[in-house]
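The values are calculated or read from the model by the stated rules, or taken from the named source; none is laboratory data. Small disclaimer: the values here were computed from a predicted structure and weren't measured. Ideal geometry is used to build each Cβ from the backbone, glycine not excepted, and the neighbour counts take in all protein chains shown.
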Amino acid sequence: MRDFSQDHHWLSINTATLRKQWPLDRIIEECARRGIRAISPWRDQVAAVGLERTARQLRDTGIELSGYCRGGFFPALDAAGRQAALLDNRRAVDEAKVLNAPCLVLVVGALPGALSGKPDYTDMCRARSEVRDGIAATLEYARQVKMPLAIEPLHPMQAAERACINTLEQALDLCDELDPATLGQDPLSAQQPVCHLGVALDIYHVWWDPKLQQQISRAGAKPTKNRLLAYHVCDWLTPTRDLLNDRGMMGDGVVELKKIRGWIEQAAYRGYSEVEIFSETNWWLRPGEEVLDTCIARHCSVV
C-alpha cells in the first residue's frame, strides 16, 4: 500500500468541502498554495466562476481534476423530462472534457420529485429502468468524446431522493451490462481494456456494505477493465445527525479507512484520495484555511 505519511501527493479536494467558505477560484488558489495537486469541482461552482476561466486557472496553477461532479438524475415523470435530463448530462460531459477531467461522476437519481417531498411516482423498478436507459444513452455520447462515466452508489438512506443505485454490486452490474470488456481500443496499449463506464467509490456511502471487499476486488479484476475511477473519503460519525450534511473528517468516525484503501490498492487503484465532506454544523462553519490544513494532516495520518 502506498505510504501517505510523508506527504499529500495523492490528496484531492472535492470542492463541496469548502463550498460555504469560498468560491471555486479561491479554492483553487488556496489548494495551489498548499501544494494540493488535484480537485473535483461541482458544476454549479464552475458555472459561478465561468467554465473557460476555471479551465485557464487550472492550467495556470497546474492543478488537475480527480473527477467532475456531477451528472445523473435521469428519472422523470414523462418523456420530455427524461430528454431534458439527457441533454443536461451531455452538457456535463462537454464541461468535463473542457476541464480535462478523468471522469464525470454520476449521481443517478431516484423517484422524481422526491427531493421536494412530492414524488411523481413511487415505482422503484421504473426509476431503476430509467436510470439504466439514461446511463446507456449518455454513455453513447461519452464514448464519442472519450469521457469516462463513474456511477456513484449512494447509501440506501438516499435511495428515494438521490440515487436508486445503492451498492457497489448494483453499480458494477450496470457497468458489465452497458460497457463489457473490450480489448485493443486503448491507444497507449493494445492489451489494456478501455473503461468507459466505471464507479466512484465514496466511503460515506459504501463503508457498511458486507460485500464491499469482494466487490472492490471485482471492480479491479483482470483481464476485465479496472472500473475504479474515483475514490472519495470522509468518515461516518456516530450518531449521524443529518442524512446528507453530517459527514465527518477522516479519523473522527468509525470507518476503517486504511483497511479499505488497502482493498482498493490491491485492486490496482492508484489514483487520488478525494476528500468530500458535507458538514452543516461543523466543517462548513470553520475557516477554509483550517479545513484544508486539517485535510492535509488527516490524509497523512489516517487515510
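Observations, loosely collected:
- Hey, LEU197 modelled with pLDDT of 95 or more and surrounded by 24 or more Cβ atoms within 10 Å (Cβ to Cβ) or not: yes
- Just one residue in the set ASP186, ASP173 is of a type in the set (Asp, Glu) and at pLDDT below 95; that residue is ASP186.
- Of all residues in segment 85-115, those that are touching a Cys at 6+ places or on another chain (Cβ under 6 Å) and part of a loop (DSSP other than H, G, I, E, B) total 1.
- Residue check: ASP242 meets all listed conditions (1) outside any strand (DSSP E or B); (2) within 19 Å of ASN14 (Cα to Cα); (3) acidic (Asp, Glu) but one, namely (2).
- Qualifying positions in segment 254-295 - aliphatic (A, V, I, L, M) and either crowded, with 18+ Cβ neighbours inside 10 Å or more than 22 Å from HIS205 (Cα to Cα) (or both): VAL255, LEU257, ILE260, ILE264, ALA267, VAL275, ILE277, LEU285, VAL291, LEU292
- Checked against the criterion of being free of Cβ contacts under 8 Å to residues at least 12 places away in the same chain and β-branched (Val, Ile, Thr), the candidates THR240, THR294 yield just one match: THR240.
- Pair list, Cβ under 9 Å, 6 or more apart: segment 107-134 residue among the polar types (S, T, N, Q) and at pLDDT 95 or above, other residue surrounded by 15 or more Cβ atoms within 10 Å (Cβ to Cβ) and not in a helix (DSSP H, G or I): THR122/LEU111; THR122/ALA160; SER129/PRO75
- Taking (1) at pLDDT 95 or above; (2) under 26 Å from ALA160 (Cβ atoms) in turn, SER217 satisfies each apart from (2).
- Count - residues of segment 74-84 that are assigned to a loop (DSSP other than H, G, I, E, B) and either within 23 Å of LEU149 (Cα to Cα) or modelled with pLDDT under 95 (or both): 3
- One residue from VAL255, VAL303 being touching an Asp or Glu at 6+ places or on another chain (Cβ under 6 Å), modelled with pLDDT of 95 or more, of a type outside the set (Phe, Trp, Tyr) and in a loop (DSSP other than H, G, I, E, B): VAL255
- Tallying residues that are part of a loop (DSSP other than H, G, I, E, B) and in contact (Cβ under 8 Å) with a residue 60 or more places away in the chain within segment 1-19 yields 9.
- Check on ASN89, surrounded by fewer than 16 Cβ atoms within 10 Å (Cβ to Cβ) and within 20 Å of GLN45 (Cα to Cα): no
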